[in-house]
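The structure under discussion appears below in the form of structure tokens.
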Amino acid sequence: MVDQGPNAYWLVLASFFCALILAVLPFPHWLAWGRPEWVLLVLVYWVIALPQRVGLITALLLGLMLDVVEGAVIGQNAFALVVVTLLALLLYQRLRVFSLAQQAAIVFVLAGLNQMICQWVQNLEGAGSTTLMFLLPAFSSALLWPFVLHLLRGLRRLYGVS
Amino acid sequence: MGLRLFLVALVVVVLLVADLRFNSLQTARSLMEFAAAPVYWVADIPSRVGDWKNEHLVSRSDLLEQNEQLGRENLVLQGRSHQMASLLAENVRLRALLNSSAMVRDDVLVAELIGVSPDPVRHQLVLNKGERDGVFVGQPLIDADGLLGQVVEVSSLNSRALLITDATHSIPVQVNRNGVRAIAEGIGSLTSLEIHHVSATTDIKEGDLLVTSGLGGRFPIGYPVAVVSKIERDPGLAFARIMARPSAALERSRHVLLVFTAKPAAGN
């Protein structure tokens, strides 16, 4: 993925790195449940923008990294992100022509799915949430989608990543 | 895409089973944790900036006041520690008379928090001390007020600790007043622990201090764990429903202590 010509793939890697940092950045206690799924947002953007470059393998590696950083069961986030990426790969042509609101709605569904899978694996471990609060990140992720989209699209055009 | 999907799915399933069922990824995890160290380092910058601000942008009068307060505190603590020294010596003599081995004071290592688990259900801390500093898996972690948890993962630079309030954590405790033993289990809330399997007639009251009992050999004896906050005795149930509030400042401590226990001290 990295060494194909003069393309600025470091941008993709840098954005993933930033997303990982945002994923563990200390949050105020009352906001803890609503932390957006940054890694998922960035990954979904790159899958839609560069479906031939960013795919399942990227999702797997990124998910494993997120598992380690979060201290989750190894494979939990990898599983969730692979499923989300698969759906995004199947939908990317439609997603590209959707309006911002429609895209946000799809992101809401994808993030919700991500949370459910994570919850499912955590329940296997015996540390699941007892309330439905774990679905809150789906809302915050959907709300942040337009912001992430514009930022990453601007950067991608600036550096000509394709 | 079909083959790739199959391969990826296979890898995910194998990893999940290996970690959940057989717990066999400890080495791989600590290696990857080492690779993830830059992420923690960057994520910790805001709190370091906060610390720097607190240290350097303080008015003179505040510093003077703080200095005076610390001086007073130090005086009181020193006074107490003189008394402590003689009590300790007396304790050792008495224990020698009773033919039990002496209680040895534990060594501690100060560690700084560089991350907390982003998942509110998972109560874990990331510390800036690792294998290099002699941290080991299972090491108890305390703060100024009581027991915090234990180390569950060690990489060369960092380590990860599980708090006593995590839903997967249990700890053997005893009531400080009369030595009644019990198990305190985390329920995934930072402010409460559940005490299990204490029969309804046991002598345990609200406000009782629970300390580590040292049973199980993982935690040293005598560190405060929690204070009993609520007891419900339902005649229809075999056991009392007991909740306790952790003594340690679980969501506030930034500096924590890793305890190096001296080898088997309890001798009864």
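Across the range B:204-213, computed HN-Hα scalar couplings (Karplus, 6.51 cos²θ - 1.76 cosθ + 1.60, θ = phi - 60°) run 9, 10, 5, x, 5, 8, 9, 10, 5, 9 Hz from first to last residue, x flagging Gly and Pro. Rounded to the nearest 20 debye, the dipole magnitude of the protein assembly as shown is 680 debye, with +1 charges on Lys and Arg beta carbons, -1 on Asp and Glu beta carbons, and the Cα centre as origin. The alpha-carbon of residue B:230 sits under 12 angstrom from the alpha-carbons of these aspartates and glutamates, leaving out residues fewer than 8 places away in its chain: B:194, B:206, B:208.
With equal scatterers on the alpha carbons only and no solvent term, can you work out the Debye log10 of I(q)/I(0) for the range B:36-103 at 0.14, 0.22, 0.26 1/Å? Reported log10 I(q)/I(0), two decimals: -0.72, -0.93, -1.05.
Placing unit charges on each Cβ (+1 for Lys and Arg, -1 for Asp and Glu) gives the range B:53-137 a dipole about its Cα centre, and among B:70, B:89, B:125 the Cα reaching farthest toward its positive end belongs to B:89. Cα-based radius of gyration for the range B:133-265, normalised by 2.2 N^0.38 Å, reads 1.06. What you get for chain B, charging only the Cβ of Lys and Arg (+1) and of Asp and Glu (-1), is a dipole of about 480 debye around the Cα centre.
Taken along the Cα-to-beta-carbon direction at a fixed 7 Å, the label points for residue A:57 and residue B:9 span 2.0 nm.
Calculated on the Cα set of the range A:10-159, radius of gyration then Dmax: 14.5, 46 Å.
Farthest towards the positive end of the charge dipole of the protein assembly as shown, among the residues A:38, B:224, A:158, is the Cα of A:158, using unit charges on the Cβ of Lys, Arg, Asp and Glu. In the range A:4-162, a dipole from Cβ-located charges (positive for Lys and Arg, negative for Asp and Glu) runs towards its positive end, and of A:97, A:19, A:77 it is A:97 whose Cα lies farthest in that direction.
Volume per residue of the convex hull around the Cα atoms, evaluated for the range A:26-100, comes out as 100 Å³. Computing Rg and the Kirkwood Rh from the Cα coordinates of the protein assembly as shown gives a ratio, Rg/Rh, of 1.04. With R₀ set to 51 Å, the beta-carbon distance separating residue B:80 from residue B:31 gives a calculated FRET efficiency near 0.65. Within the range B:170-246, the proportion of C-alpha pairs whose separation exceeds 15 Å stands at 49%. What does a probe at residue B:98 reach in the range B:154-180, counting residues whose amide N is under 17 Å from the point 7 Å along Cα→Cβ? Once the point is set 7 Å along Cα→Cβ of residue B:98, B:174-180 turn out to lie under 17 Å by backbone N, inside the range B:154-180.
Bear in mind these aren't lab numbers, they're just calculated from the coordinates by the rules spelled out. It should be emphasised that the depicted structure is a prediction, and the values quoted were computed from it without experimental measurement. For neighbour counting, all protein chains shown are included, and Cβ atoms are generated from backbone atoms with ideal geometry for every residue, glycine included.
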